[in-house]
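Scroll down for the structure; my scribbles are underneath it.
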Amino acid sequence: MIVVTGASGNVGRPLVEALAAAGEKVTAVSRNPLSHDLPEGARHVRADLADPSTLGPALEGAGALFLLLAGDLLGGGAPAVEVLAAAREAGVRRVVLLSSQINATRPDALSHGRLREYEEAVRGSGLDWTILRPGGFASNAYAWIESVRTQRAVIAPFADVALPVVDPADISAVAAVVLREDGHAGRTYELTGPAAVTPREQAAALAEALGEEVGFVELTREQAREHMARFMPEPVIDGTLDILGEPLPAEQRVSPDVERLLGRPAGSFAGWARRNAPAYA
């Protein structure tokens, strides 16, 4: 049995589907009821990483665990060691943590303290562990849905700063590999797309996917900061803007890990845009 936390999201949902398609028994864990049907071979259990006492039914019979922290847990929740202890007591032998590239490039980032705690706890858990560190998600472009729908424009800062955003489907595919196969214990993999792409280029990819013109309106850093303050904690905003506007060379570098693990090139932002074009129509 493989347990997938965060099973309702952009990574967890396709991961559950991929594991079930491979013939694995899967427990999909989320805090709320799922809004979609599960594939054959999968079951849903409501549980919360913020409260390890709820994890017992989800972990029953599990051999492997995929850990994905919801955004609101990054600033709080139960200590990571308690979650890992619950997994170990349930008989879990393998754990895969979805972390972030930022833990390697900016080890003092305020926004990623909880993920650093989880990385440390996973390494000291006594389980066979693997850590996945993706860069920026292609699906962050969902933030542009409203402006593309209503104005046929992407509104964002740093129009010509390129980052190798990763398709969440590739993260799921990699997670499925390392959860099922031996040989990944003690490894940390960095996951990126196949090429660095700018926000302006992403807008062009969305335009091509939609078959319509999509313009680009560039925000200043201060304008972007004011917008992000509506939904993002204050200490996180400036760090996020630093990454988007002044990325380090390591954050712009393309990693070979996706291709090496999947035996195919990483998916492009253009491919992600084509699959998700209906959301912007």
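The values are calculated or read from the model by the stated rules, or taken from the named source; none is laboratory data. Given the structure is predicted, the values throughout are model-derived calculations rather than measurements. All Cβ positions, even for glycine, are placed from backbone atoms using ideal geometry, and neighbour counts span all protein chains on display. To get the accessible areas, we keep the full protein, side chains included, count just its heavy atoms, and leave off ligands, DNA and RNA. Shrake-Rupley method; radii C 1.70, N 1.55, O 1.52, S 1.80 Å.
Yes or no: the range 222-239 includes at least one residue that is in contact with a Lys or Arg (Cβ under 8 Å, 6 or more places away or on another chain), buried (at least 19 other Cβ atoms within 10 Å of the Cβ) and of a type in the set (A, V, I, L, M).
If we filter the range 222-239 for residues that are in contact with a Lys or Arg (Cβ under 8 Å, 6 or more places away or on another chain), which is where we start, we get 237-239.
Next, only the ones that are buried (at least 19 other Cβ atoms within 10 Å of the Cβ) stay: none.
No.
Looking at TYR118, TYR142, which one is part of a helix (DSSP H, G or I) and modelled with pLDDT under 95?
TYR118
Inside the range 48-62, can you point out the residues that are more than 24 Å from SER111 (Cα to Cα), touching a helix residue (DSSP H, G or I) at 6+ places or on another chain (Cβ under 8 Å) and open to solvent by less than 20 Å² (accessible area, probe 1.4 Å)?
If the condition is that a residue be more than 24 Å from SER111 (Cα to Cα), touching a helix residue (DSSP H, G or I) at 6+ places or on another chain (Cβ under 8 Å) and open to solvent by less than 20 Å² (accessible area, probe 1.4 Å), then LEU55, LEU59, ALA62 are the ones that fit.
Is there a residue being surrounded by fewer than 18 Cβ atoms within 10 Å (Cβ to Cβ) and under 22 Å from TRP129 (Cβ atoms) anywhere in the range 25-41?
The answer is yes, given that some residue of the range 25-41 is surrounded by fewer than 18 Cβ atoms within 10 Å (Cβ to Cβ) and under 22 Å from TRP129 (Cβ atoms).
Could you please let me know if PRO278 is without any contact (Cβ under 8 Å) to a residue 12 or more places away in the chain and closer than 17 Å to ILE102 by Cα?
So PRO278 does not fit the description; no.
Looking at LEU65, LEU69, LEU84, which is the one that is in a strand (DSSP E or B) and open to solvent by less than 60 Å² (accessible area, probe 1.4 Å)?
LEU65
Scan the range 205-220 and tell me whether some residue there is of a type outside the set (Val, Ile, Thr), out of contact with any His (no Cβ under 7 Å at 6 or more places or on another chain) and under 30 Å from ILE2 (Cβ atoms).
No: zero hits.
Does the range 93-116 contain any residue that is free of Cβ contacts under 8 Å to residues at least 12 places away in the same chain and open to solvent by 40 Å² or more (accessible area, probe 1.4 Å)?
yes
Every residue in the range 256-281 that is open to solvent by less than 20 Å² (accessible area, probe 1.4 Å) and hydroxyl-bearing (Ser, Thr, Tyr), please.
Hit for the range 256-281 is TYR280, nothing else.
For the list (1) within 28 Å of VAL4 (Cα to Cα); (2) outside any strand (DSSP E or B), I need the number of the one condition that ARG200 fails.
(1)
So, in the range 92-115, how many residues would count as being outside any helix (DSSP H, G or I) and in contact with a helix residue (DSSP H, G or I) (Cβ under 8 Å, 6 or more places away or on another chain)?
Here the count works out to 12.
Here are some residues: ARG200, ARG253. Which one is over 25 Å from GLY9 (Cβ atoms), surrounded by 14 or more Cβ atoms within 10 Å (Cβ to Cβ), in contact with a Phe, Trp or Tyr (Cβ under 7 Å, 6 or more places away or on another chain) and touching a residue at least 12 places away in the same chain (Cβ under 8 Å)?
Of ARG200, ARG253, the one residue that is over 25 Å from GLY9 (Cβ atoms), surrounded by 14 or more Cβ atoms within 10 Å (Cβ to Cβ), in contact with a Phe, Trp or Tyr (Cβ under 7 Å, 6 or more places away or on another chain) and touching a residue at least 12 places away in the same chain (Cβ under 8 Å) is ARG200.
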